[in-house]
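Below: one structure, written as structure tokens.
The values are calculated or read from the model by the stated rules, or taken from the named source; none is laboratory data. Keep in mind that this is a model prediction, so the values were computed, not measured. Methodologically, a virtual Cβ is constructed for each residue, glycine included, from the backbone with ideal geometry; neighbour enumeration extends over all protein chains shown. Side chains included, ligands, DNA and RNA excluded: accessible areas come from the protein's heavy atoms. Shrake-Rupley method; radii C 1.70, N 1.55, O 1.52, S 1.80 Å.
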2 protein chains.
Amino acid sequence: MELFEFKQVMVVRRDLDMGKGKIAVQVAHGAVSAAEEARRTFKAWWDAWLKEGQCKVVVRAESVEEIFQLEKRTKELRLPSALVTDRGLTQLEPGTITCLAIGPGPSPLIDSLTGNLSLL
Amino acid sequence: MELFEFKQVMVVRRDLDMGKGKIAVQVAHGAVSAAEEARRTFKAWWDAWLKEGQCKVVVRAESVEEIFQLEKRTKELRLPSALVTDRGLTQLEPGTITCLAIGPGPSPLIDSLTGNLSLL
């Protein structure tokens, strides 16, 4: 048995030049949005994830194309997710896609999408 | 009028040696937990904050004492908040307090607590 049966993974673009505070905001946007989607549509997963202590992992993508491919697979699997687009008030151009949040969902299912990605 | 009438602020301890991924996870934990408290107990603020695009700001504290002082004021003002304690699986000792999330709430009220803190 895994330590956490449910998890949420945030995939952050490494090809953008974001500071640590900026990254934290993008990850938190994704986490809140995808968790809220899960609460509405995958209530049992959301409950179990919160009860376990809301396991979160942050990994990296090398490009926006990698983010789009992951989002496509996430949608195919009907997992809760959130694509984060920056407003561009600081550091980035408006509309820049910065992060994809996947889950919360069962760890093996999430890992089938993101298990090969390195920690940020 | 401010750009965002409602905001959520995460105060991160700078005296801990956390990497950017670790920081992002702590901030996201706080954001999800405090947002969920707001959804349950300050629904109008939560709705307005989401509608505006869930403004989030990450600032820094120099010590755990500063976090505790802020938490005390936050509780006195009856604002939604979440104190984040790390499990200590990586980088930190178990039970280390890493972050305080405040809000979402009206920006002037949140700023009265955190407006003097520097961005992370």
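Test residue A:74 against the criterion of being under 23 Å from residue B:56 (Cβ atoms), open to solvent by less than 30 Å² (accessible area, probe 1.4 Å) and not small (Gly, Ala, Ser), and give yes or no.
yes
Only residues that are within 30 Å of residue B:3 (Cβ to Cβ) and assigned to a helix (DSSP H, G or I): list them for the stretch A:70-89, please.
A:71
Of a type in the set (Val, Ile, Thr) and out of contact with any helix residue (DSSP H, G or I) (no Cβ under 8 Å at 6 or more places or on another chain) - does that describe any residue in the stretch A:89-99?
The answer is yes, given that some residue of the stretch A:89-99 is of a type in the set (Val, Ile, Thr) and out of contact with any helix residue (DSSP H, G or I) (no Cβ under 8 Å at 6 or more places or on another chain).
Working only within the stretch B:90-111, note down all residues that are surrounded by fewer than 17 Cβ atoms within 10 Å (Cβ to Cβ), farther than 12 Å from residue B:6 by Cβ and in contact (Cβ under 8 Å) with a residue 24 or more places away in the chain.
B:90, B:91 - these are the residues of the stretch B:90-111 that are surrounded by fewer than 17 Cβ atoms within 10 Å (Cβ to Cβ), farther than 12 Å from residue B:6 by Cβ and in contact (Cβ under 8 Å) with a residue 24 or more places away in the chain.
Against the definition (touching a Gly at 6+ places or on another chain (Cβ under 8 Å) and either free of Cβ contacts under 8 Å to residues at least 40 places away in the same chain or open to solvent by 20 Å² or more (accessible area, probe 1.4 Å) (or both)), how does residue A:50 come out, yes or no?
no
Filter the stretch B:24-38 for residues that are open to solvent by 10 Å² or more (accessible area, probe 1.4 Å) and touching a strand residue (DSSP E or B) at 6+ places or on another chain (Cβ under 7 Å) and give the result.
The answer is B:25, B:29, B:33, B:37.
Look through the stretch A:30-69, keep the residues that are in a helix (DSSP H, G or I) and of a type in the set (Asp, Glu), and return whichever of them is nearest to the other protein chains (Cβ to nearest Cβ).
A:36
Residue A:88: farther than 20 Å from residue B:35 by Cα, over 15 Å from the mean Cα position of the chain (by Cα) and away from every other protein chain (no Cβ under 11 Å), yes or no?
yes
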